[in-house]
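Novice: Supplied in structure tokens, the structure appears directly below.
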Amino acid sequence: MDHQENSPAQDFKGLGHSKIGYFKEVRSKIKELETLNLKLAHRHNRLEAVFNSMDNGLTILDRDLNIVYANHIQKKMFPGIEEGKCKCYHVFYQKDEICRNCPALKSLETHETQNGEKFFKQGMHTGHYYEWTISPVQNQFGKIDEILMIMRDVTARKEYEFKLMQAHRMASVGFLATGIAHEINNPLTSIAGFSEGLLKRLKKMDGDRKDGALKSFWEYLMIINNEAYRCKEIIERLREFTHDSSDEYESLEIDTIIKETLMLIRQNAKDNNIKIVFQNLLSNGFNKINGKKSQLKHLLLNLFKNLVNSSEQGGDFCVMARNDGERIEIMIPDPKGFFSNELSEKNLYTLPDTEQGLENRMILDLSVCYSIIQNHRCEIRSKSTEEQGCIMMLMFPAILS
């Protein structure tokens, strides 16, 4: 059977139908890709919204510790983040090499979540505690391609925990002080009572007191009697210091609080051959401030204790209180110049660390002191004179009556 040959017009028509079918298929694929891209964009935007709605900083790292993504909270914490251009150790710790015992590398190795916290002593985050969690992210083949890091600022929580610890510590000291006072007061009462009885008998022997032996006996009894009452006074001060006070602000005589607090460090100063001196220049009726007694004692005890320990042996530690218009000014020697700059939330963590100076464990305690200063509307300043050297000044608003 003879085959009829196609004409050129028929060949062109068949070619046209073939191209039209190809273009229809391509258009269909393009629509599918557009639909898929819209879904991916919607999913990306949703994930972006979820990440940015978090209260914590979120960072995604690749296997080389490059930051490939950071939400707005993380970028606010660390403004230097550039996605895809910087390493985690450079942004977070200002280092040029991988950190020792890097938790991200450990998470890659063990496929386990790592947790920890970091306290910054320098840089723009000085004085802040950050808690972090690092988790490995597996792909569909079970291989870890990325690392998810969540970071949160827990500085406020740490301060509250420390305040709670201080409250428990003070409660424990108060409980111990009450027990010790009860146990010691009994023998002290006997010592003071019998020494007074012997002194009364010696008074009846005035004629014989010229005798050298009796004179020494009289002097020794006076020392025993005075020291017994001094011990009772110290115990009573300790009980008052650790006694729970009201959480409400009340009218307080600041000079009395200074005296009671200095009493607690007097023996420590004596051991270092330092004489405690208190110059009370406050006018009668203008020695009161509005505050919480326990907090003020906590503040003064920490400042006195650290500044006395930094004083030179054989000298005087002279605390002065005086009126300055509508304020009460407390002047405290600062021989090492620890507070030569204004005490603030930032620089209280960068105080000099010397052998006889402030210890690192006092950092959080000083942060509590700063909080007390703020709560009592107190101002803290420093000045230096040729005669007195560096001096810290606490200025409280006075109650004018």
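The values are calculated or read from the model by the stated rules, or taken from the named source; none is laboratory data. Note that this is a predicted model, so its numbers are computed, not measured. Note that each Cβ is placed from the backbone with ideal geometry, even for glycine, and that neighbours are counted across all protein chains shown.
Novice: Which members of region 261-284 meet the condition of being part of a helix (DSSP H, G or I) and either loosely packed, with under 15 Cβ neighbours inside 10 Å or aliphatic (A, V, I, L, M) (or both)?
Specialist: Listed by number, the residues that qualify are 262, 263, 264, 265, 267, 268, 269, 270, 271.
Novice: When you check residue 259 against the structure, is it closer than 18 Å to residue 300 by Cβ, at pLDDT below 80 and among the basic types (Lys, Arg), yes or no?
Specialist: no
One line per residue, one yes/no per condition, for (1) surrounded by fewer than 18 Cβ atoms within 10 Å (Cβ to Cβ); (2) farther than 16 Å from residue 398 by Cβ; (3) in the same structural domain as residue 262 (by TED's automatic domain parsing):
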site: 293; (1), (2), (3): no, yes, yes
site: 296; (1), (2), (3): no, no, yes
site: 306; (1), (2), (3): no, yes, yes
site: 325; (1), (2), (3): yes, no, yes
site: 330; (1), (2), (3): no, no, yes
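Novice: Considering only strands (runs of 3 or more DSSP E) fully contained in region 107-188, which possess at least 2 residues that are aromatic (Phe, Trp, Tyr) and either in contact (Cβ under 8 Å) with a residue 24 or more places away in the chain or under 30 Å from residue 372 (Cβ atoms) (or both)?
Specialist: Per the criteria, 129-138.
Novice: Which of the following residues is at pLDDT 80 or above, surrounded by 12 or more Cβ atoms within 10 Å (Cβ to Cβ) and touching a helix residue (DSSP H, G or I) at 6+ places or on another chain (Cβ under 7 Å): 221, 214, 238?
Specialist: 221
Novice: For residue 114, are the conditions met, namely being closer than 18 Å to residue 57 by Cβ and touching a Lys or Arg at 6+ places or on another chain (Cβ under 7 Å)?
Specialist: Answer is yes for this residue.
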